[in-house]
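S.K.: Below is the structure I would like to discuss, written out as structure tokens.
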Amino acid sequence: MYILTIGAHILVITLVAVDKRLHKPMYVLLANFSMLEVLYTTVTIPKMLDALLTQHKEISSPSCLAQFYFLFGFGASENCLLAVMAYDRYIAICRPLRYSTMMTGRTSISLALGAWVGGLLAAFPPAVWIATLKFCFQHIPHFFCDIPPLLEISSSDTTFNQLLIFTEGSLVALVPSSLTVLSYVRIIISILRIRSSTGRQKAFSTCYSHLTIVILFYSTVIFMYFRPSSFYSPTYDRVISIVYSVIIPMLNPFIYSLRNKEIKSALRKMISIRFHPN
């Protein structure tokens with residue numbers, strides 16, 4: 001599954017890079033999303049596989065802290081990038097005549113870079129707060145160093161740390177997600193105003209894939225990080241962690257490619273050139 005995930009996302013990045021027909025803001029953002037997915041899964045899955053296959057389950061404290069930082073940072077960057085992608089679809093559907101001037105190539109690159117920087121900066125304070133905790137033993141009942149299991153096994157009083165992490169996590173999650181929801185509310189209103197059913201279907205098809213990924217992303221995040229402590233269960237958390245760290249990143253490129261004619265056309269062209277160069 002990890003090889004399939006990495007291969008599929010690298011294929012998307014390669015197609016966007018080499019096919020000039022995909023040098024559009026929507027696909028530039030999609031390539032950035034695929035790169036984040038590659039890095040996000042690489043932070044967790046290789047160590048997870050090493051522990052499962054070799055039974056070598058040790059991880060040093062600096063490595064655990066680094067894994068936590070990049071897991072939080074890349075996840076926050078994905079959240080910000082999903083908001084940027086929703087904004088792109090909002091302009092394309094609600095302001096189609098101004099799309100070429102509002103969402104230029106430079107603008108899309110700047111927004112993508114902002115999502116990367118914003119997510120990585122947002123991860124720094126929680127990493128510092130986690131680094132101040134003390135642990136009476138090193139066994140983590142989880143596949144990787146994530147917030148809930150680290151707070152659960154700490155011997156320190158984590159009340160203040162939980163409050164800080166929850167407050168910042170809420171801001172990091174709620175601000176981009178609110179922009180995403182607002183964009184889709186405006187998109188749905190605009191689609192419903194289209195008189196022809198063919199026009200509504202065509203407009204909805206341009207954002208169907210992104211909306212599917214948004215729903216998958218936020219449903220797992222909400223269950224994992226924004227639920228009452230009484231619902232905490234290490235077993236359920238491990239199951240959900242497999243869903244959002246392994247299964248969803250594997251499905252995302254197929255959700256995009258199977259619903260996108262331009263990506264499928266670029267893939268056919270690449271295969272044709274590879275096997276029939278003349």
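S.K.: Does segment 237-249 hold any residues that are among the hydrophobic types (A, V, I, L, M, F, W, C) and open to solvent by 30 Å² or more (accessible area, probe 1.4 Å), and which are they? Spell out the reasoning first.
M.R.: The initial filter retains those residues of segment 237-249 that are among the hydrophobic types (A, V, I, L, M, F, W, C), namely 239-240, 242-243, 246-248.
Listed by number, the residues that qualify are Val239, Ile240, Ile242, Val243, Ile247.
S.K.: Looking at this structure, is Arg89 assigned to a helix (DSSP H, G or I) and open to solvent by 60 Å² or more (accessible area, probe 1.4 Å)? Step through it out loud before you land on a result.
M.R.: On the way: assigned to a helix (DSSP H, G or I): yes; open to solvent by 60 Å² or more (accessible area, probe 1.4 Å): no.
Against the criterion (assigned to a helix (DSSP H, G or I) and open to solvent by 60 Å² or more (accessible area, probe 1.4 Å)), Arg89 does not qualify.
S.K.: I've got another one for you. Please state which of the following conditions Glu152 fails to meet, knowing it meets all the rest: (1) out of contact with any helix residue (DSSP H, G or I) (no Cβ under 7 Å at 6 or more places or on another chain); (2) in a loop (DSSP other than H, G, I, E, B); (3) within 30 Å of His56 (Cβ to Cβ); (4) modelled with pLDDT of 70 or more.
M.R.: (2)
S.K.: Could you tell me which of the residues Leu49, Leu65, Leu111 is modelled with pLDDT of 90 or more, hydrophobic (A, V, I, L, M, F, W, C), at negative phi and open to solvent by 50 Å² or more (accessible area, probe 1.4 Å)? Working first, answer last.
M.R.: Details: Leu49 fails: modelled with pLDDT of 90 or more; Leu65 fails: modelled with pLDDT of 90 or more.
So the residue among Leu49, Leu65, Leu111 that is modelled with pLDDT of 90 or more, hydrophobic (A, V, I, L, M, F, W, C), at negative phi and open to solvent by 50 Å² or more (accessible area, probe 1.4 Å) is Leu111.
S.K.: How many residues does segment 252-278 contain that are open to solvent by 70 Å² or more (accessible area, probe 1.4 Å) and either modelled with pLDDT of 80 or more or in a helix (DSSP H, G or I) (or both)? Lay out the reasoning, then the answer.
M.R.: Step one: of segment 252-278, the residues open to solvent by 70 Å² or more (accessible area, probe 1.4 Å) are 254, 258-259, 261, 264, 268-269, 271, 273-278.
Still in the running and either modelled with pLDDT of 80 or more or in a helix (DSSP H, G or I) (or both): 254, 258, 261, 264, 268-269, 271, 273-275.
Going through segment 252-278 one residue at a time, the tally reaches 10.
S.K.: Can you tell me which residues in segment 195-226 are open to solvent by 40 Å² or more (accessible area, probe 1.4 Å) and assigned to a loop (DSSP other than H, G, I, E, B)?
M.R.: Across segment 195-226, the qualifying residues are Arg195, Ser196, Thr206, Phe226.
S.K.: Further question on the same structure: Kindly list the number of the only condition in (1) buried (at least 24 other Cβ atoms within 10 Å of the Cβ); (2) without any contact (Cβ under 8 Å) to a residue 12 or more places away in the chain that fails for Ser77.
M.R.: It is condition (2) that Ser77 fails.
S.K.: For Ser170, are the conditions met, namely being open to solvent by less than 70 Å² (accessible area, probe 1.4 Å), hydroxyl-bearing (Ser, Thr, Tyr) and either more than 19 Å from the chain's Cα centre (by Cα) or modelled with pLDDT under 80 (or both)?
M.R.: Working: open to solvent by less than 70 Å² (accessible area, probe 1.4 Å): yes; hydroxyl-bearing (Ser, Thr, Tyr): yes; either more than 19 Å from the chain's Cα centre (by Cα) or modelled with pLDDT under 80 (or both): yes.
It is true that Ser170 is open to solvent by less than 70 Å² (accessible area, probe 1.4 Å), hydroxyl-bearing (Ser, Thr, Tyr) and either more than 19 Å from the chain's Cα centre (by Cα) or modelled with pLDDT under 80 (or both).
The values are calculated or read from the model by the stated rules, or taken from the named source; none is laboratory data. From a predicted model like this one, the values you see are computed outputs, not experimental measurements. Glycine also receives a Cβ, built like all others from the backbone with ideal geometry; neighbour counts cover every protein chain displayed. Only protein heavy atoms, including side chains, enter the accessible area calculation; ligands, DNA and RNA are left aside. Shrake-Rupley method; radii C 1.70, N 1.55, O 1.52, S 1.80 Å.
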